[in-house]
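The values are calculated or read from the model by the stated rules, or taken from the named source; none is laboratory data. Owing to the predicted nature of the structure, the values given are computational and were not obtained by experimental measurement. Don't worry about glycine lacking a Cβ; one is built from the backbone with ideal geometry, like all the others, and counts go over all protein chains shown. Side chains are part of the model used for accessible areas, which takes the heavy atoms of the whole protein and leaves out ligands, DNA and RNA. Shrake-Rupley method; radii C 1.70, N 1.55, O 1.52, S 1.80 Å.
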Amino acid sequence: MEILGTTLRICVDDLDAAVAFYEQLTGAAAQRSDRGGVSVAAVGCFLLMSGPAAELEVLRKVTATVAVPDVDEAQKVLTASGGRVVAGPVATPVGRNLIALHPDGAIFEYADRRPAA
């Protein structure tokens, strides 16, 4: 499975303040969206998330987002390698994703930019 890159996931209390810091740090402009009551800002390789405590508690369990060309292929490789898909694949505003539990207990999101069929 080809890994195209990773995104570091950070839960923050003040999204606007965090965006200002990470925009200055990376020199990149934030791309903002909202999903399920959580406000999200992608800034360079950072994914900043802010929202209700209960939602963030779940999001904090995911170590990072791994970009792949095809979530279906990632699912096959993960399960053949001893990982377990715990959610997805599902469509998102920018492609598809799944959440996988690795044999060591780490949880990762795998995402592609392919529209759902």
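One table, with the values for the structure above:
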quantity	calculated
Derived scalar couplings ³J(HN,Hα) [segment 97-107; Karplus, 6.51 cos²θ - 1.76 cosθ + 1.60; whole Hz; x for Gly, Pro]	8, 8, 10, 10, 9, 7, x, 7, x, 6, 10
Computed FRET value (nearest 0.05) for Asp13 with Val77, which takes r as the C-beta separation and R₀ as 25 Å	0.10
Segment 1-96 - percent relative contact order, Cα under 8 Å, separation 6 or more	32
In order through segment 22-38: 3J(HN,Hα) via Karplus (6.51 cos²θ - 1.76 cosθ + 1.60), integer Hz, x for Gly, Pro	6, 5, 5, 5, 9, x, 10, 7, 6, 10, 9, 7, 10, 8, x, x, 10
J(HN,Hα) series, segment 4-19, from Karplus relation 6.51 cos²θ - 1.76 cosθ + 1.60, nearest Hz, glycine and proline x	8, x, 10, 10, 8, 9, 9, 8, 10, 7, 10, 5, 4, 5, 5, 4
Percent accessible area from carbon and sulfur atoms, the chain, protein chains only, probe 1.4 Å	54
Chain lengthening between Val94 and Ala28 when straightened (0.36 nm per residue, less Cα-Cα)	21.9 nm
Only Lys, Arg (+1) and Asp, Glu (-1) charged, at Cβ; the chain dipole about Cα centre in debye	240
Accessible-area order (highest first, 1.4 angstrom probe) of the listed residues Asp70, Asp104	Asp104, Asp70
Cα-based helix-to-principal-axis angle, 71-80 vs the chain, degrees rounded to 10	60
Segment 1-93 - accessible surface per residue (Å², probe 1.4 Å)	59
Cleavage-rule hits, GluC sites (Glu not before Pro), segment 1-96, DSSP coil, Cβ neighbours within 10 Å at most 16	Glu2
